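Reviewing the structure listed below.
Computed from the coordinates by the stated procedures, all read-outs in this text should not be read as laboratory data. Nothing here was measured: the structure is a model prediction, and the numbers come from that model. With ideal geometry, Cβ positions are generated from the backbone for all residues, glycine too; neighbour counts draw on all protein chains shown.
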Amino acid sequence: MIVEYAPAEDHENVQGMVFSNEEFEKLQNNEPATDIDGGVHHLDKRIIGQYNCRHMAMPFLIGISERSFTPEQLQDINARNEKGIVFDGKQMSIYEGTQAQRALETDMRKTREEFNMLKELRDTDPRLERDYQRCKQKLAELRGEYQALANVLKPVSIRAKLERTYVPSMSTGAGLAQKGNIEQTRHARTYYDTIANRKSKSDISKIADSSGFSQEQISDIRNHLFIKKHDLGNGILEQLTPDYRIAQAWHRLEQGKGNELDILLLNHELYELTLIRDQGYTFDEAHIMASRKYPWAKRMEEIGK
């Protein structure tokens with residue numbers, strides 16, 4: 001198993017270990033597995049190579065191959081990682097520090113994308129000007145927090161990756177495509193707000209009747225998509241970003257005109273929320289698993305929507 005200098009807690013004890021093919025298969029099946037030195041290991045949820053795990057299993061010929069790290073060196077790496085850093089008054093491992101950095105990068109990209117759109121639209125609606133100023137302030141605060149974290153991570157050889165915080169300019173090809181979708185984004189935001197603020201919930205019974213799902217299931221999906229706030233990986237509870245395609249799908253389903261992909265979407269969202277609610281998965285973990293079982297977004301991309 002290759003070695004990372006900032007391993008996640010659930011994988012740090014298996015990095016650098018050597019397993020037979022049979023024992024490694026047990027490890028990947030969440031069963032107790034014994035390395036060639038007699039150590040017993042067990043992975044509860046996340047297996048090697050899953051959910052942002054950067055560990056990889058490399059071929060090792062017993063009696064021929066040489067280990068890259070001694071047991072003492074592995075202990076030193078894990079100890080250094082666990083000693084970690086202190087940021088914003090919180091003690092965290094180096095790995096947790098890198099995850100905080102990734103979360104800020106994601107939040108900055110999302111905020112910057114919103115900022116770019118509001119910059120184009122703020123003259124059309126006074127409310128959008130207020131949103132623009134709010135977004136501008138939030139982006140400045142995120143930049144400051146990111147730089148503060150970068151200063152703490154630099155001494156442990158983790159560099160800032162500002163290139164991950166940018167989105168395409170409106171003048172680029174990708175940016176022009178984004179600009180072309182601004183009206184769709186506005187429509188999606190309006191539709192999401194309408195669903196969330198409706199006094200009547202007649203859409204629940206209508207969609208249940210047309211889709212074959214129970215009213216309870218549709219109610220849960222509705223709440224998951226349009227109302228509930230989620231931790232999207234940055235420790236902040238927030239509603240999902242409005243998606244024009246989902247708004248269209250929900251409207252079709254309410255009108256009794258849902259198609260195969262709309263039903264796939266319902267299955268995806270129901271499975272995702274069940275993993276979060278009943279099995280304790282994070283939003284990102286549940287979304288990845290749901291996307292594998294019910295690949296709605298992938299299917300939409302394949303047909304160019």
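Between the beta carbons of N13 and V86, assuming R0 = 25 Å, the FRET efficiency works out to 0.55 to the nearest 0.05.
Short-range pairs are left out: with C-alpha atoms under 8 Å and at least six residues apart, the relative contact order of the chain is 11 percent. The Rg/Rh ratio of region 48-154, with Rg taken over Cα atoms and Rh as the Kirkwood radius over Cα pairs, comes to 1.22.
Structure remark: mean-square fluctuation, Gaussian network model of the chain, C-alpha springs under 10 Å; the largest value among A79, A290, A150 belongs to A79. When restricted to Cα atoms, the chain yields an Rg and a Dmax of 23.3, 73 Å, respectively.
Compared with the dominant principal axis of the Cα atoms in the chain, helix 94-121 is inclined by about 20°.
Listed cross-link partners K199/K257; K110/K138; K257/K298 are compared with a 18 Å cut-off, the Cα-Cα value being larger for K199/K257; K257/K298. Our note on the geometry: Cα centres of region 245-305 and region 1-79, 34 Å apart.
Under the classification rounded if a/c is under 1.5, otherwise prolate if a/b is larger than b/c and oblate if not, where does region 21-83 fall, given a ≥ b ≥ c as square roots of the Cα gyration tensor eigenvalues? Judged from the Cα gyration tensor, region 21-83 comes out oblate (a/c at least 1.5, b/c at or above a/b).
Given R0 = 30 Å, the distance between the Cβ atoms of D76 and I288 translates into a calculated FRET efficiency of 0.40.
For the chain, adding -39500 (n - 2.57) for each run of n ≥ 4 DSSP H residues and dividing by the number of residues yields -18000 deg cm²/dmol at 222 nm.
Axis of helix 71-83 versus longest Cα principal axis of the chain: the two differ by about 40°, to the nearest ten degrees. Calculated over region 248-305, the projected area of the Cα convex hull averaged across directions stands at 4.2 nm².
With all pairs of different C-alpha atoms in the average, the Kirkwood value for the hydrodynamic radius of region 198-302 is 14.1 Å.
To the nearest 10 degrees, how steeply does helix 202-211 sit against the main Cα axis of the chain, on a 0 to 90 scale? Once rounded, the angle reads 70 degrees.
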